[in-house]
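Presented below is the structure to which this report refers.
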Amino acid sequence: MAKRDSDRTEDVETTGHDWDGIKELNNPLPKWWLYVLYACIVWAIAYWILYPAWPLVSSYTKGTLGFSQRAVVAEQLEQSKAEKAGFREQIANNELAEIKANPELLNFALAGGAAAFGDNCAPCHGRGAQGAVGYPNLRDDAWLWGGSLDAIHQTIRYGIRADHPDTRNGQMPAFGRLGMLQPPQVNDVAEHVLSLSGNAEDQEAAERGGEMFTTNCAACHGADGTGNRELGAPNLADELWLYGGDKASIVETINNARGGMMPAWNERLDPATVKELAIYVHSLGGGE
C-alpha cells in the first residue's frame, strides 16, 4: 500500500483529502483524550450493569445494586410525613386559639394552610384570595357569616349551601321571577338599595322603594340595610358587592336572587388541614 503524502513542514501524513490545494493532516488524537474516552466507555458499561438503565417491554433492567430513585423519593416522602405527623396531631387535637398562641404551631399551620388554599380554594377565590364576581374577597373585612377564627373555621368545615346538615344556608327569594314584586317595584327597591350607600340616582324612586324594602327585605338585611351575619345577609350600605353594585346587577339580584355554593371541606380534607386553612384565611388581613 502506497504511503500517503506528508506535509513538508510538519512531516505528518495527510488523510489524502485535498480541497483546492488545502490538505487535511492526519494527526493522532491526544492520549489523554483517548484515555478519557475509554474510561467513559468502561463507566457506561459498569453503570448499565449496576443501575437501572435499559427499558424493557413492560419494565426495565433493575441493576445489580437494586437502586431505585422512585423508592428514594417514596422514602423521603414517608420521612417528611413522619416529621410533620407530630405537628399535625397537635393541630388536630388543640383548639384554634391554642394553635394561634403557639408560634411554632402557628407557623406550621400557616405554611400548611397556604399549600391547602392553593390546591383547593384558589380556583374560586383566586391565588391571592382576592375573589371575583360571585366569589368573596377573603382579604377585606366584609364577611357574610363572620370573620372570626371560629366563624371562618365553621364556614370551611360545613360549606355554603352544601350537602351537609350543618352547612350555612342563607336564602333570598327571587322577588321578580316569582311575581312577588313587579318590574316598577323592583326598580324602586334597587334605587333604595343604592341610596343606602349614597349612590341613588332617582330619589323619588328610592323613597317609594323604602316601604317595599321594609316589607320584604329588612327582616334579613336590617332596616338600615347593614345585614345580618346570622342569616348570611350581606351589608347593603357599604361599597363592597359580591355580584356587582351597579343598578343592573342589583335589579338582577332582586329579580332572580343569588345562591353561591361552597363545598363542606370536612368531608374532603382532614381536621388538621381544615384548621390550617382557617388560620391561613384569618391571617390574610380581613380576619376579625
In the stretch 160-203, which residues are acidic (Asp, Glu) and farther than 23 Å from Trp145 by Cα?
Asp188, Glu191, Glu201, Asp202
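Kindly check whether there is at least one residue in the stretch 254-261 that is under 19 Å from Gly147 (Cα atoms) and either among the hydrophobic types (A, V, I, L, M, F, W, C) or under 18 Å from the mean Cα position of the chain (by Cα) (or both).
yes
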For the stretch 49-60, pairs from a residue that is in contact (Cβ under 8 Å) with a residue 60 or more places away in the chain to a residue that is polar (S, T, N, Q) and surrounded by 10 or more Cβ atoms within 10 Å (Cβ to Cβ), with Cβ under 9 Å and 6 or more apart or across chains, are none
When you scan the stretch 18-36, how many residues do you find that are at pLDDT below 90, outside any loop (DSSP other than H, G, I, E, B) and surrounded by 10 or more Cβ atoms within 10 Å (Cβ to Cβ)?
4
Could you say which residue among Ala46, Ala39, Ala53 is surrounded by 10 or more Cβ atoms within 10 Å (Cβ to Cβ), on the phi < 0 side of the Ramachandran plot and in contact with a helix residue (DSSP H, G or I) (Cβ under 7 Å, 6 or more places away or on another chain)?
Ala53
Which residues, taken from the stretch 65-85, are of a type outside the set (A, V, I, L, M, F, W, C) and either surrounded by 10 or more Cβ atoms within 10 Å (Cβ to Cβ) or in contact with a His (Cβ under 6 Å, 6 or more places away or on another chain) (or both)?
Gly66, Ser68, Glu75, Gln76, Glu78, Gln79, Ser80, Lys81, Lys84
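With Gly159, Gly147, Gly176 as the choices, which residue is more than 22 Å from the chain's Cα centre (by Cα) and surrounded by 18 or more Cβ atoms within 10 Å (Cβ to Cβ)?
On inspection, the qualifying residue turns out to be Gly176.
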Candidates Leu236, Leu231, Leu240, filtered to the one that is buried (at least 21 other Cβ atoms within 10 Å of the Cβ), assigned to a loop (DSSP other than H, G, I, E, B), outside the structural domain of Glu95 (by TED's automatic domain parsing) and under 35 Å from the mean Cα position of the chain (by Cα):
Leu236
Filtering the stretch 92-106 down to residues that are free of Cβ contacts under 8 Å to residues at least 40 places away in the same chain and of a type in the set (A, V, I, L, M), which residue is surrounded by the fewest Cβ atoms within 10 Å (Cβ to Cβ)?
Ala101
So Phe213 passes all but one of these: (1) closer than 22 Å to Ala122 by Cβ; (2) aromatic (Phe, Trp, Tyr); (3) more than 24 Å from the chain's Cα centre (by Cα). Which condition number does it fail?
(1)
3 or more residues touching a residue at least 12 places away in the same chain (Cβ under 8 Å), among the aliphatic types (A, V, I, L, M) and under 16 Å from Leu277 (Cβ atoms): qualifying helices (runs of 4 or more DSSP H) within the stretch 107-204
149-158
Looking at the structure I just gave you, is Glu89 among the charged types (D, E, K, R) and either surrounded by 15 or more Cβ atoms within 10 Å (Cβ to Cβ) or assigned by TED's automatic domain parsing to the domain that holds Pro271 (or both)?
yes
Among the residues of the stretch 175-208, the number that are in contact with a Leu (Cβ under 9 Å, 6 or more places away or on another chain) and among the β-branched types (Val, Ile, Thr) is 2
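The values are calculated or read from the model by the stated rules, or taken from the named source; none is laboratory data. Remember, predicted model here, so these are calculated numbers, not experimental data. In this analysis, Cβ positions are derived from the backbone assuming ideal geometry, glycine residues included, and neighbour counts consider all displayed protein chains.
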